[in-house]
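See structure below.
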């Protein structure tokens, strides 16, 4: 295969990974390419799956927009905005007028026919209604739940039909991972006698995070990156925090409020530090998963942006090569981050349930 063909095929692979969708009007205009705007646009959530534009026609999968306004529940499909994200298209529904600006839905004030902006480009005649729409991250979360249910229900049927409990098919793939979480994470971190009641949660977060990380790397999903959403990682960390706090025994709380084995002045000094530590542990879980997944996507997009910043295809081989290299690393990181979140959660559970040593 010639060098030209290799570069061309590499571009075909890497450009969808980066999520580029160059608008025809932008190509004709003299608007300077802004890598920061493009990167932030592709890593954040959206109200539709936008695949590509061809001959002035956009191909996308619209998602339902669900708003709670002064007039009650308002619903319509996102394609009514015609892929506008600058507040130019006004959608009328349930007696209200709505515009989309930077992936946020605004409701225009009564009598307004278009959105007005101040000097900092903030809307002055529109407000944010309660938005409970099905965004692409929400949609992919439902898809991941469905996929996990199919995988584990299929594996369960294999064991139900097997006389020797010998795994076959999908069960042969799932069983080693379950055994790994049990023997390498739950038992060492929590203890032989207490790990079983935490296994359902540990298995759930391990597979849930892993499969969503994998979905975030699929080009056709156009950046549906659930683990790169701080609200998602916050929710998972909150569950870990609640389980740890509820599971805490007398020994756990004694080490926080009145550290045994140290002088009284030191007990008073350590108490606020340990109290702060209760909250910093889940916060570190939240930020670690969010930052690592988002960073990989930003690096790939930044590398691909070099082609458009320098406005030459001469840098394409370098950009494509490094983008593919980072993509391979991200494939490994998808499992590593699921493992780290799970093992740290198990560690916190073990600390909360550890018995006092005499």
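Select from the range 107-122 the residues that are outside any loop (DSSP other than H, G, I, E, B) and at pLDDT below 90 and list them in ascending order. Give the steps one after another, and end with the answer.
Kept after step one, since they are outside any loop (DSSP other than H, G, I, E, B), are these residues of the range 107-122: 107-108, 117.
Of everything in the range 107-122, just one residue is outside any loop (DSSP other than H, G, I, E, B) and at pLDDT below 90, namely 117.
Taking the range 250-283, which residues are under 22 Å from the mean Cα position of the chain (by Cα) and free of Cβ contacts under 8 Å to residues at least 24 places away in the same chain?
Scanning the range 250-283 gives a single hit, 280.
Considering the range 13-54 alone, what residues qualify as being modelled with pLDDT of 65 or more, assigned to a loop (DSSP other than H, G, I, E, B) and more than 16 Å from residue 135 (Cβ to Cβ)?
Residues satisfying the conditions are 32, 33, 34.
Condition first: out of contact with any helix residue (DSSP H, G or I) (no Cβ under 9 Å at 6 or more places or on another chain) and in contact (Cβ under 8 Å) with a residue 12 or more places away in the chain. Now tell me which residues in the range 136-156 satisfy that.
139
Filter the range 55-68 down to residues that are surrounded by fewer than 13 Cβ atoms within 10 Å (Cβ to Cβ) and without any contact (Cβ under 8 Å) to a residue 40 or more places away in the chain and give me whichever is nearest to residue 129 (Cα to Cα).
Taking the candidates together, the pick is 59.
Exactly one of (1) over 17 Å from residue 293 (Cβ atoms); (2) surrounded by 17 or more Cβ atoms within 10 Å (Cβ to Cβ); (3) in contact (Cβ under 8 Å) with a residue 40 or more places away in the chain is unmet by residue 347. Its number?
Condition (2) is where residue 347 drops out.
Could you tell me which of the residues 174, 166, 158 is assigned by TED's automatic domain parsing to the domain that holds residue 341, more than 21 Å from the chain's Cα centre (by Cα), more than 16 Å from residue 345 (Cα to Cα) and surrounded by fewer than 13 Cβ atoms within 10 Å (Cβ to Cβ)?
The conditions single out 166.
(1) buried (at least 18 other Cβ atoms within 10 Å of the Cβ); (2) farther than 30 Å from residue 75 by Cα: which one isn't true of residue 144, the others all being true?
For residue 144, the exception is condition (2).
When you go through 54, 106 one by one, which is the residue that is farther than 26 Å from residue 217 by Cα and outside the structural domain of residue 299 (by TED's automatic domain parsing)?
Just a single option satisfies the conditions, and that option is 106.
Which pairs do you get when a residue that is in contact (Cβ under 8 Å) with a residue 60 or more places away in the chain and not assigned by TED's automatic domain parsing to the domain that holds residue 126, found in the range 69-95, comes within reach of a residue that is in a helix (DSSP H, G or I) and crowded, with 16+ Cβ neighbours inside 10 Å, reach meaning Cβ atoms under 8 angstrom, with the pair 6+ apart or on two chains?
Partner pairs satisfying both residue conditions: none exist.
The values are calculated or read from the model by the stated rules, or taken from the named source; none is laboratory data. This structure is a prediction, so every number in the text was calculated from the model and none was measured. Every residue, glycine among them, receives a Cβ derived from its backbone with ideal geometry; neighbour counts consider all protein chains shown.
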